[in-house]
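**Q** If you scroll down you'll find the structure; I have some questions about it.
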Amino acid sequence: MILAGDVGGTKCNLGLFRQQGLALHSVFQRRLATGDYAGFEDLVDDFLEQAAAAHEVTVAAHEENNNNNNNNNANANRPDSTIDAAGFGVAGVVAEGRHYSENLPWVVDISALTRKLNLKNICLLNDLTATALSLERLPANDLVALNRGAPVHHATRAVIAAGTGLGEAILFWDGDKYQVAQSEGGQADFAPRTERELQLLSHLRVHLPHVSCEQIVSGRGFRRIHEFLHPSVLHASFESPEGNAASEITQRGLAQSCAVCVETLGFWTEIFGAVTGNFALQTLALGGIYVAGGIAVKILPKLQDGAFFKSFCGSSNLAPVLARIPLSVVVNEDASMWGAAYQALRSGHGP
C-alpha cells in the first residue's frame, strides 16, 4: 500500500493506493482542511482513522449482501494493510529532506511519521515537483489546451500553479527521460508592465515589505486587487475571518454579478498570464507550459476567453516564440498527490 498526499496551505489531499502491475489504483482518498490540525502527524492520524472506518462500513455492506467475491475484494483493499512507502508533495521549499514554507501553519515532521509508519524513509517533494512528475501519468482528459502550439521534441517543459501561494517547477530532458527541478519563482519580484500595474505595485508597497509575484498571483491576490480598484465596495467574505474572499470574488466575477469582481478577475488573469509568459521565457519551455492549481480549475472559463493567452504572449520581440508554446491547464486537482504516489513507489520498492 502507498500513502501519498498533496499538502497545501489551505487543504491537504491524502490517498491510499495499491499497485497493480506498473500502475497505481486509488483505494481511499480524502481532502482535509490544513488549518484544522495542530500538526501533520495529527492530520495523517485522522486520515488513516477515516480510511479504517470507511473500510469497516464497506465490509459490513458486503457481508449484508452475503457476496463472498466482493468481500474478498474489499479485504484486498484494506486501508489498514501495511504501508510499504509514502510520499508527499508539500507547499514550499524542500532541501536535504527538510521542508520550509510560509504558507503552511506547521512544519511537516517526517521523522515522527517515519517511525509511526515503520518506514525506512518517506519521499518528501515540493508540491510542484510532484505535479510535474504526474504529467506523463495523467490521461488526456485531465488537460485542457489553451494553445495547441508547436511543441519542440524533448525541449524544456514547465509547470506553474496558483493557489494559497504561487509554485513553479521545470522539467528538463536528460537524454533518457524528463527530470524535475524545483523553483521558487513565486518569490521573485513582481514586475509591472502597464501604468495600472505600476499603480498596483505602489499601492501594495505601502502594506507589504516585499511585493513578490505570489502576493498577487495567489488566492490572497484577489482581495488585494479588489481593494486597490474600488476600496469602498465590500463583500460579506471581507467581514469575516472565516470568509473566503477569493472564492466570492471569482464566483461573482464569473457570474458577472458584481462589476468590481469582473474587473478584479480580469486584472488578476492578465497578471497571471504575464507571470506565466515570463516563466516561459526564463526557462525557454518550448516543450509546453502546464497551468495547475485549484484556482486555474475554478476560473477555467476565464482562462479560456483569450485574455490569459494574450497576456502570456505579451508584446516583446519574442512574442511569436511564446505564441508557439503549447499551453495547457491541468484540471485534475489531485495531480500532485498522484505524482507523489508514483515517486514513493519508485523510491520505495517499485519501478
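Bear in mind that the values in this text are calculations on the coordinates, not laboratory data. Keep in mind the model is a prediction, meaning the values are calculated, not measured. Cβ placement follows ideal geometry from the backbone for every residue including glycine, while neighbour counts extend to all protein chains displayed.
**Q** How high is the relative contact order of segment 170-316? Use alpha-carbon pairs under 8 Å, at least six apart in sequence, and give a whole percent.
**A** Dividing the mean separation by the residue count of segment 170-316 yields 17 percent.
**Q** Then there is this: Roughly what would the spin-label model give for Asp109 and Asn317, points 7 Å off Cα along C-beta, in nm?
**A** 5.6 nm
**Q** Glu56 to Ala259: extension gain in nm, 0.36 nm per residue of separation minus the Cα-Cα distance?
**A** Stretched out fully, the Glu56 to Ala259 stretch lengthens by 68.1 nm.
**Q** Now a separate question. For n ≥ 4 DSSP H runs only, could you compute -39500 (n - 2.57) per run for the chain, divide by its residues and tell me the 222 nm figure to the nearest 500?
**A** Details: 14 runs with 148 residues, N = 351.
Estimated from H runs of four or more residues: -12500 deg cm²/dmol.
**Q** How big is the dipole moment of the chain about its Cα centre under a simple scheme where the beta carbon of each Lys and Arg is +1, that of each Asp and Glu is -1, and everything else is neutral? Debye, nearest 20, please. Don't skip to the answer; put the middle values down first.
**A** Working: 25 positive and 35 negative charges, 191 e Å.
Here the chain has a charge dipole of around 920 debye.
**Q** Another question, then. With a 4.7 Å Cβ cut-off, tell me which Cys residues in the chain come up empty for a partner.
**A** Cysteines lacking a close Cβ partner in the chain: Cys12, Cys123, Cys213, Cys313.
**Q** Something else: When Lys and Arg each count +1 and Asp and Glu each count -1, what net charge do the other residues less than 14 Å away from Arg220, Cβ to Cβ, add up to? Don't skip to the end; give the middle numbers.
**A** Details: positive: Arg223, Arg224; negative: Glu102, Glu214, Glu227, Glu248.
The answer is -2.
**Q** Considering only the other residues whose Cβ falls under 15 Å of the Cβ of Pro139, what net charge follows from Lys and Arg at +1 and Asp and Glu at -1?
**A** -3
**Q** Using the Kirkwood radius built from alpha carbon pairs, what does the Stokes-Einstein equation give as D for the chain at 10 °C and 1.306 mPa s, in µm² per second? Can you show the working numbers first?
**A** Details: Rh = 21.4 Å.
Taking Rh from Cα pairs, D becomes 74 µm²/s.
**Q** Compute the Rg/Rh shape ratio of segment 279-347: radius of gyration over Kirkwood radius, all on alpha-carbon atoms. Mind dumping the intermediate values first?
**A** Numbers: Rg = 14.6 Å, Rh = 13.7 Å.
Over the Cα atoms of segment 279-347, Rg/Rh equals 1.06.
**Q** Local charge sum around Leu254 (other residues, Cβ-Cβ under 12 Å, Lys/Arg +1, Asp/Glu -1)?
**A** Net charge in that neighbourhood comes out at +1.
**Q** A further question on this structure: Taking 8 Å as the Cα distance limit and 6 or more residues as the minimum spacing, I'd like the relative contact order of segment 99-251 as a percentage.
**A** It rounds to 15 percent for segment 99-251.
**Q** Would you mind checking Lys177/Lys298; Lys11/Lys302; Lys116/Lys298 for any pair whose Cα atoms are more than 26 angstrom apart?
**A** Numbers: Lys177/Lys298 32 Å; Lys11/Lys302 24 Å; Lys116/Lys298 36 Å.
Pairs exceeding 26 Å: Lys177/Lys298; Lys116/Lys298.
**Q** Let me ask something else. Which order do peptides 294-305, 268-279, 143-154 fall in by mean Cβ count within 10 Å, highest first?
**A** Top to bottom by mean Cβ count within 10 Å: 268-279, 294-305, 143-154.
**Q** Still on this model: With no solvent and one point per C-alpha, what does the Debye sum give as log10 I(q)/I(0) for segment 139-330 at q = 0.13, 0.15, 0.17, 0.20 Å⁻¹?
**A** Per q value, in the given order, log10 I(q)/I(0) is -0.67, -0.88, -1.12, -1.48.
**Q** Let me ask you something else. Just order 324-337, 129-142 by mean Cβ neighbour count inside 10 Å, highest at the front, would you?
**A** 324-337, 129-142
**Q** Hey, in the GNM for the chain with a 10 angstrom Cα cutoff, which one of Pro192, Pro105, Pro241 fluctuates hardest?
**A** It is Pro241.
**Q** Looking at segment 139-330 only, what percent of DSSP beta bridges run antiparallel? Nearest 5 please.
**A** If I count the DSSP bridges inside segment 139-330, around 70 percent turn out antiparallel.
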